[in-house]
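Chemist: One structure coming up, written as structure tokens, with questions to follow.
The values are calculated or read from the model by the stated rules, or taken from the named source; none is laboratory data. On a predicted model such as this, the values are computed, not experimentally measured, just so you know. Heads up, the Cβs are rebuilt from the backbone with ideal geometry, glycines too, and the neighbour counts pull from every protein chain shown.
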Amino acid sequence: MDLHPQEHHESLRSECRAWLQENLPWEYGSGLPPRFTDLGEEVLFGREWQQRLAAGNWVGLAWPEEFGGRAAGPMANFVVQEELARARAPELVGRIGVNLVGPTLLAHGTPDQQQRWLPKILNASELWCQLFSEPNAGSDLASLSTRAERDESLGGWRLYGQKVWTSYAQFADRGLCLARTDATAAKHHGISAFAVDLSSDGIEIRPLVQATGEAEFNEVFFDGAFVADDALIGPVDEGWRISQSTLGHERGVNPRQLVIHIQHLEELLLLALRKDSFADHRLRQKLAAAFTEVKLFQLHNWRSLTRLESGRPPGPEGSALKLYWSQMSQRLHDTVMEVLGEESSLWRGATGIEGDGEWQRSWLYYLSSSIFAGTNEIQRTIIGERVLGLPREPREPAPSRPGSATA
């Protein structure tokens, strides 16, 4: 693990901080981004903010220069994400495209696909979503049932099925979709990856209201939506391999969550001082644990970052990082609720109860951290089998498929 920042990275940090001081739409250091009650307005603001960032060449720093990046490497991207989070800049509205779809296209897309889609991802002129999860598959991605049927007359595919928990699908222009193209193949085979135009006929998007009262997740239904051959990413039936590249980036280094939780920790400790919580020996121990765990999260990130800087892929070790921070976050937020005491029930969100509610909303949001990006149960299986080399879990024999060797 390399814990020593290079001089050019520190220079980049200073450059980014100076740019933010000049370009943030609010006061740097003490201001906060605007709060929106309407998700559509928030997304519009996010598009404008990402366009400004892209114009300053602050999006996709590790991407090749020909597609709008700086070819600056993972550490440079990490440094910039740290500075954006410290400035309380909102998350990139196109983060699915930048963090997941972009690296997938760079690894598996054709030159035409890269030229067509990557620049628009950077400046948020096209938003992408990730069409992986399904009602009857969840984190068992290989069990997906959405199917792509060949349409030879048009030179493409027809999609049928349903996806769920799709972030910002109601605002997305395109989606990275996994669909089964060979129903007779074994579970992890016969899956293909497609770039789907969400304005196509045969697609219905239904927002899902969360516990926070917001609706950033969606159900997406396909009823014969057409996808042309030039929107197939990678070879036919190679979607499982491609998806592992996408998920590796989703679960790998997470600088924004790191800095967000550093901010949460600082705010928690200040809150504890105001509430005189350090006088309670039980709370004092939990506050110390929160401090220690956030610092360990930082070390986990640096370890993964060192791997990326050496040119190696994220690897299954990213599952350990995702498992760790999701549990750490929930414990930290539980401690916050204990420090708040009677105020913990005051929330001005969907309940309509008076109160500031930022901590309460954050607590509700991070309850889902053990589910998104692959459930913690799945992460434990990956760590056990692919990192520690433990025997594979006993599995029920797969039902025979028509045309298979066991049918």
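Chemist: Can you pull out the residues in the stretch 147-166 that are of a type in the set (S, T, N, Q), surrounded by 15 or more Cβ atoms within 10 Å (Cβ to Cβ) and free of Cβ contacts under 8 Å to residues at least 60 places away in the same chain?
Modeler: THR166, the sole residue that qualifies.
Chemist: Taking SER125 as meeting all but one of (1) small (Gly, Ala, Ser); (2) more than 23 Å from the chain's Cα centre (by Cα); (3) closer than 27 Å to LEU84 by Cα, write down the number of the exception.
Modeler: Here SER125 clears every test but (2).
Chemist: Oh, and also: Quick check on the stretch 201-210: of everything there that is outside any strand (DSSP E or B) and exposed (fewer than 15 other Cβ atoms within 10 Å of the Cβ), which residue is modelled with the lowest pLDDT? So that I can check it myself, show each step before the final result.
Modeler: The initial filter retains those residues of the stretch 201-210 that are outside any strand (DSSP E or B), namely 201-202, 209-210.
Now narrow it down to the ones that are exposed (fewer than 15 other Cβ atoms within 10 Å of the Cβ): 201-202, 209.
On the way: ASP201: 97, GLY202: 97, VAL209: 86.
Selected residue: VAL209.
Chemist: Could you tell me whether ALA85 is within 21 Å of LEU258 (Cα to Cα), touching a helix residue (DSSP H, G or I) at 6+ places or on another chain (Cβ under 6 Å), hydrophobic (A, V, I, L, M, F, W, C) and not assigned by TED's automatic domain parsing to the domain that holds ILE260? Please lay out each step first, then the result.
Modeler: Numbers: within 21 Å of LEU258 (Cα to Cα): yes; touching a helix residue (DSSP H, G or I) at 6+ places or on another chain (Cβ under 6 Å): yes; hydrophobic (A, V, I, L, M, F, W, C): yes; not assigned by TED's automatic domain parsing to the domain that holds ILE260: yes.
Here the answer is yes, as ALA85 does meet what is asked.
Chemist: So which residues in the stretch 354-388 are more than 20 Å from the chain's Cα centre (by Cα) and either touching a residue at least 24 places away in the same chain (Cβ under 8 Å) or not in a helix (DSSP H, G or I) (or both), if there are any at all?
Modeler: GLU354, GLY355, ASP356, GLY357, TRP359, ARG386, VAL387, LEU388, listed by residue number.
Chemist: Given the stretch 1-98, what helices (runs of 4 or more DSSP H) lie entirely inside it while holding 3 or more residues that are at pLDDT 90 or above?
Modeler: 7-23, 39-55
Chemist: While we're on this one: For the stretch 169-196, what are the residues that are buried (at least 24 other Cβ atoms within 10 Å of the Cβ) and part of a loop (DSSP other than H, G, I, E, B)?
Modeler: Correct list: ALA169, ALA172.
Chemist: Are there any pairs with C-beta distances below 7 angstrom linking a residue in the stretch 214-230 that is under 19 Å from SER133 (Cβ atoms) to a residue that is among the acidic types (Asp, Glu) and surrounded by fewer than 17 Cβ atoms within 10 Å (Cβ to Cβ), with the two at least 6 apart or on different chains, and if so which?
Modeler: Every condition considered, the pairs that remain are PHE221/GLU204; ALA225/ASP201.
Chemist: Now for a different question. When you look at ARG35, is it touching a residue at least 24 places away in the same chain (Cβ under 8 Å), among the basic types (Lys, Arg) and out of contact with any strand residue (DSSP E or B) (no Cβ under 7 Å at 6 or more places or on another chain), yes or no?
Modeler: Working: touching a residue at least 24 places away in the same chain (Cβ under 8 Å): no; among the basic types (Lys, Arg): yes; out of contact with any strand residue (DSSP E or B) (no Cβ under 7 Å at 6 or more places or on another chain): yes.
So ARG35 does not fit the description; no.
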